[in-house]
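Q: Quick one: this structure, given as structure tokens, is what I'll be asking you about.
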Amino acid sequence: MDRRLLRLAAAGFSLAAAAAVNVPASAAPAAAGSAPPACAPVRPAVPDGAAVASVTATPVPAGTFQVPGTPPLGGGQVADVPAHCEVTVTLTHPGANDLATVRIWLPESGWNGRFQAVGGSAYAAGNIGSVAAAVKQGYAAGTTDAGVDTSGLDSSWALNGQGRVDTALLENFASRSVHELAVVGKQVVDGAYAHTAFHSYFNGCSTGGRQGYMEAQRYPTDFDGINADAPAVNWNQFEVASLWPQVVMNEQHTYPTACEFNLFNQAALKACDKLDGVADGLIGDPNRCDFDPRRLIGAKVVCEGKEYTIGAADAEVVRRIWDGPRDSDGRRLWYGLPIGADFLPLAASTTADGVTTGSPFVVPAQWVANFVQKQPGYSAANLTYPQFAEIFKKARAEFDPVIGTRDADLSAFRRAGGKLLTWHGDADQLIPTRGTVDYRKRVEDRMGGSAKVDDFYRVFLAPGVSHCALNDVDDLAALTAWVEQGKAPDVLHATLPTADGRTVAREVCRYPMVSRYTHGDPNAASSFRCVKP
């Protein structure tokens, strides 16, 4: 397997277990009753433009669930999944020649009275492993495949037989199928348990995070609470911007090794670690880290037995990657890699016969090739600055209305009483954290400022955390308490990874607050407090 994909798997790139969060008993509504659900093929009503192709219902005994597929998105196991009924509803959209599969799991006993829809990753719209994890927590849960590939790393469905974008499948993936999951899932729950779920939630990270934001923007009454983490919003900006490291290395004719990239991150950590008041192996507020990579010029590092000397060209590559893409006039197009985030997989390269070339990450490379350029064989490895700027502009013009997921008007979601909770790792190597902050600021500008937005939408930024890899976090418990008891979270409790391989307990602060050391043991969450930056 590609080493970069294994790296993502290790970082928690939408692994099934990441969706499971213990919900305290005090936050749970009264149980729906001890009677098992009616395991019958309920034929639901569906939104206009959709039709039911088939419905099946299958009782499934308790046991270990083998997640289909291969890592990083599949191939794992979820142990101790309780007995449940699996209802499968296949939908189609007349004239679209598509089949989208909705799968709903209904626990045979111990239902907590809630429905949870789970999102996907990369080009996968759903994750059945996350459904299994949710059922373990007592939820009736569901997901959809949107009629597209379920591996997450294959977008060959993008073009139809005429070489044009399959607009029906793209609409499914972008927005339509999760809405249909909400409509169908709640009806299946209602029919099986003889009453509606007390509350409905959406839970997802990465693509799943984007799906949650799209629900809040376009279908504001589908869910009472949305947990949307490391969200792939501003889709076209960040997807195309993910190729910026490749463009920089190509234009600078310089391809630093992984060891050299790591040296820059180590130096940045050393320079900025104490900005939160203590050296704890974390950059507490990357926005305050102004480490200049040129300070490393002349430094030496040994990579696999070979010594390298950091040159001015290496430092310039890093400076431009951290700064992010700009056009020919120097205007910012989007945000760069966060300081402290792993340079791989976005800045990967490969050497063959003594020649080093770029190796673009598969997800943005496929977006540009299959959707923007509509040429499956198109290579993004050798883009120039002008070519990059043109592709960036082209992607936004064609696809922002479909999948951009950047509408800052959440007034309908607020009126519906919905709550939106997001955490994002400050060291996210795939989706720049500043893109989420950018969206939050635009919502504030449109909807009356920070205090008013905090009433229904809160963001938490986690130092040192890579893509979808915040561990032991109580996000779903915090969301249910907010929805069901009106207790808005000021912090999330989690463990953070430090640069030396340890994990430390921390309270992850609500944006725009940041964590500052006060006194005591630096490994204890009680030694820090959240303050204004």
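Q: With all protein chains present, how much of the accessible area of the chain (probe radius 1.4 Å) comes from carbon and sulfur, to the nearest whole percent? Walk me through the numbers on the way to the answer.
A: Numbers: 10330 of 20710 Å².
Of all accessible area on the chain, carbon and sulfur atoms account for 50 percent.
Q: According to the square roots a ≥ b ≥ c of the eigenvalues of the Cα gyration tensor, what is the shape class of the range 60-135, taking rounded for a/c under 1.5, prolate for a/b larger than b/c otherwise, and oblate for the remainder?
A: On the way: a/c = 2.13, a/b = 1.34, b/c = 1.59.
Because a/c hits 1.5 or more and a/b fails to exceed b/c, the range 60-135 counts as oblate.
Q: If you average the C-alpha positions of the range 146-167 and of the range 256-278 separately, how far apart do those two centres end up, in angstrom?
A: With the range 146-167 and the range 256-278 each reduced to a Cα centre, they are spaced 40 Å.
Q: Compute the angle between helix 475-485 and the longest alpha-carbon principal axis of the chain, please, reported from 0 to 90 degrees and rounded to the nearest 10.
A: 50 degrees
Q: What whole-number volume per residue, in cubic angstrom, does the convex hull of the C-alpha atoms of the range 105-164 give?
A: Details: hull volume 4.6 nm³, N = 60.
With only Cα atoms used, the range 105-164 gives 76 Å³ per residue.
Q: Okay, moving on. Report the normalised scattering of the range 358-470 as log10 I(q)/I(0) at q = 0.10 Å⁻¹, calculated by the Debye formula with identical scatterers on the alpha carbons.
A: Calculated log10 I(q)/I(0) at the listed q: -0.42.
Q: So if the hydrodynamic radius of the range 237-366 is defined as the Kirkwood radius over C-alpha pairs, what does Stokes-Einstein give as its diffusion coefficient at 4 °C and 1.567 mPa s, in µm² per second? Intermediate results must be reported in sequence, preceding the final value.
A: Values: Rh = 15.4 Å.
Once the numbers are plugged in, D ends up at 84 µm²/s.
Q: Debye sum, Cα scatterers, the range 211-295, no solvent: what log₁₀ I/I(0) at q = 0.12, 0.13, 0.21 1/Å?
A: At q = 0.12, 0.13, 0.21 Å⁻¹ the computed log10 ratios are -0.65, -0.73, -1.03.
Q: Can you give me the Cα centroid spacing of the range 187-225 and the range 501-533 in angstrom?
A: Distance between centres, Cα-based: 32 Å.
Q: With a ≥ b ≥ c the root eigenvalues of the C-alpha gyration tensor of the range 382-443, is it rounded (a/c under 1.5), prolate (a/b larger than b/c) or oblate?
A: On the way: a/c = 3.43, a/b = 1.63, b/c = 2.10.
Cα axes put the range 382-443 in the oblate bin.
Q: Between the alpha-carbon centers of the range 291-360 and the range 51-76, tell me the distance in whole angstrom.
A: Distance between centres, Cα-based: 41 Å.
Q: Once you order the gyration tensor axes a ≥ b ≥ c over the Cα atoms, which shape class does the range 155-292 get: rounded for a/c under 1.5, otherwise prolate or oblate by comparing a/b with b/c?
A: Working: a/c = 3.78, a/b = 1.58, b/c = 2.39.
Taking the square roots of the gyration eigenvalues as a ≥ b ≥ c, the range 155-292 is oblate.
Q: Count the net charge of all other residues whose Cβ sits under 9 Å from the Cβ of A525, scoring Lys and Arg as +1 and Asp and Glu as -1. If you can, show how the numbers build up before the last one.
A: Working: positive: R506; negative: E507.
Net local charge, A525 excluded: 0.
Q: How much area per residue is accessible in the chain when the probe is 1.4 Å and only protein heavy atoms are counted (Å²)? It would help to have the intermediate numbers written out before the result.
A: Numbers: 20710 Å² over 533 residues.
Accessible surface, normalised per residue, equals 39 Å².
Q: Taking the Cβ of K300 as the center, what net charge do the other residues with Cβ under 15 Å away carry, scoring Lys and Arg +1 and Asp and Glu -1? All intermediate terms of the calculation are to be shown ahead of the outcome.
A: Details: positive: R295, K306; negative: E260, E304, E307, D314.
Summing Lys/Arg as +1 and Asp/Glu as -1 gives -2.
Q: Which three extents, in whole angstrom, do the alpha-carbon atoms of the range 44-185 cover along their principal axes, largest first?
A: Taking the Cα atoms of the range 44-185, the three principal extents are 48, 35, 20 Å.
Q: To continue, here is another question. So what are the range 454-533's ellipsoid semi-axes, whole angstrom, largest first, if each one is the square root of 5 times an eigenvalue of the alpha-carbon gyration tensor? Walk me through the numbers on the way to the answer.
A: Values: eigenvalues 97, 44, 26 Å².
Calculated on Cα positions only, the semi-axes equal 22, 15, 11 Å.
Q: Relative to the longest principal axis of the chain, what angle (0 to 90°, nearest 10) does the C-alpha long axis of helix 433-447 take?
A: The helix 433-447 is inclined about 60 degrees to the chain.
Q: What does the charge dipole of the range 287-433 about its Cα centre add up to, to the nearest 20 debye, if the Cβ of each Lys and Arg holds +1 and the Cβ of each Asp and Glu holds -1? Present the calculation step by step, with values, prior to reporting the outcome.
A: Working: 18 positive and 18 negative charges, 95 e Å.
The calculation lands at about 460 debye.
Q: Quick check: net charge around A141, other residues with Cβ under 14 Å of its Cβ, Lys/Arg +1 and Asp/Glu -1? Kindly include the intermediate steps, with their values, before the conclusion.
A: Working: positive: R103, R114, K136, K186; negative: E86, E108.
With Lys, Arg at +1 and Asp, Glu at -1, the neighbours total +2.
Q: Given an 8 Å cut-off on Cα distances and at least 6 residues of separation, report the relative contact order of the chain as a percent.
A: Details: 1254 pairs, mean separation 74.8, N = 533.
After rounding, I find 14 percent.
Q: Relative to the first principal axis of the alpha-carbon coordinates of the chain, what is the inclination of helix 385-403, with its axis defined by its Cα atoms, in degrees from 0 to 90 and to the nearest 10?
A: Helix 385-403 sits roughly 10 degrees off the main axis of the chain.
The values are calculated or read from the model by the stated rules, or taken from the named source; none is laboratory data. Predicted model only: the values in this text are computed from it and were never measured. Heads up, the Cβs are rebuilt from the backbone with ideal geometry, glycines too, and the neighbour counts pull from every protein chain shown. With ligands, DNA and RNA removed, areas are computed over all heavy atoms of the protein, side chains included. Shrake-Rupley method; radii C 1.70, N 1.55, O 1.52, S 1.80 Å.
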